[in-house]
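First up is the structure itself, then whatever we jot down about it.
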Amino acid sequence: MTSPETVHPVGIIGGTGLTTLSGLEITGEKEVGTPWGTPSAPLVEGRLGDQPVIFLSRHGNPRRISPHQVNYRANLRALYDAGARTVIGVNAVGGIHKDMGPAQVVIPDQIIDYTWGRASTFFEGDLASVTHIDFTWPYDERARQVLIDVAGAEEVPFSGFGVYGATQGPRLETAAEIIRMERDGCDLVGMTGMPEAVLAAELGMRYVCLGLVVNWAAGKSDHIITMAEIEEAIERGMSGVRRILESSVAGLGALTPLPQPS
Ligand code: HPA
């Protein structure tokens, strides 16, 4: 039996298409502050089944904060302070790999970071010593396996690998940029995967990405990218994402927290 004080809520950061979490039995909503500023929205506390979760809308609710202006440090620190030690980042992405078309769920295993000018570390300012964390495997493998097992059991079509290329936005990419990213090894492109993943790692949290492809990346189809296409893919794919979330939080909550970085 786990004693009550060792139960950690699972943090869920919702992105485009997931500003609120239906199915969440809400027990409270908290406006919080952190030494790094205010998170994108109040923390919504509740339960999915028996598992305590904390939901945070990455772009605010209503959705008003651009990917490059999200205060990622405040978001991660707020979830940490609220007790979360495992976080799922739900991300809408563009598909580059031929098997990652609209409405496909992807649980990536690697990241290439093309963002710039974002506050991307907690380790700056008046430090006792310079710190470099290991980031070889940016996503927590145990948490990834939970999502992969659940996606399989729920029969949601998904890819259990993929390199997430994080771009600055808010504009979408040029076709040439996508060709370059493909040459680099990227399978997906999104604007919010970084610095979210590295900040979670700096706090010693397990972090995993649940990606939903909402469009073919620029130049990967015979048409330009439209909001109508994105909305249609969200409509088609989000029920699978919600099913995976609902069925995976218990397994994620049961993972032992990682040792805290010293
Ligand atoms: N590029 C970058 N970010 C995205 C895309 C895209 O095509 N689709 C959804 N987020």
Neighbourhood net charge (12 Å Cβ-Cβ; Lys/Arg +1, Asp/Glu -1) for residue 255: +2
Long-range HN-HN contacts of residue 106 with modeled amide H, under 5 Å: 159, 211, 212, 213
Efficiency of FRET between residue 98 and residue 128 - r from beta-carbon atoms, R0 41 angstrom, step 0.05: 0.25
Using a Förster distance of 22 Å, the FRET efficiency for residue 256-residue 135 (Cβ separation, nearest 0.05): 0.60
Integer Hz, Karplus 6.51/-1.76/1.60 couplings in order for region 250-257, x for Gly and Pro: 5, x, 5, x, 7, 5, 5, x
Label-point separation in nm, residue 236 to residue 61, each point 7 Å along Cα→Cβ: 2.8
Percent RCO, i.e. relative contact order, over the chain, from Cα pairs under 8 Å lying at least 6 residues apart: 25
Neighbour-count ranking [beta-carbon atoms within 10 angstrom, fewest first] of 186, 209: 186, 209
Net charge over other residues, Cβ less than 12 angstrom from the Cβ of residue 145 (K, R count +1; D, E count -1): -1
Phi-based couplings in Hz for region 176-193 (Karplus 6.51, -1.76, 1.60; Gly and Pro marked x): 5, 5, 5, 4, 5, 4, 4, 4, 5, x, 6, 9, 9, 9, x, 10, 10, x
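Within 10 Å of each residue's Cβ, count the other Cβ atoms and sort 216, 116, 137 from fewest upward.
Ordered by Cβ neighbours within 10 Å, fewest first: 116, 137, 216.
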Normalised convex hull volume, the chain, alpha-carbon set, Å³ per residue: 127
Highest-MSF residue in the chain out of 42, 67, 157 [GNM, Cα springs under 10 Å]: 157
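A short reminder: the numbers here are calculations on the coordinates, not readings from a lab. Keep in mind the model is a prediction, meaning the values are calculated, not measured. Backbone-built Cβ (ideal geometry, glycine too); neighbour counts: all protein chains shown.
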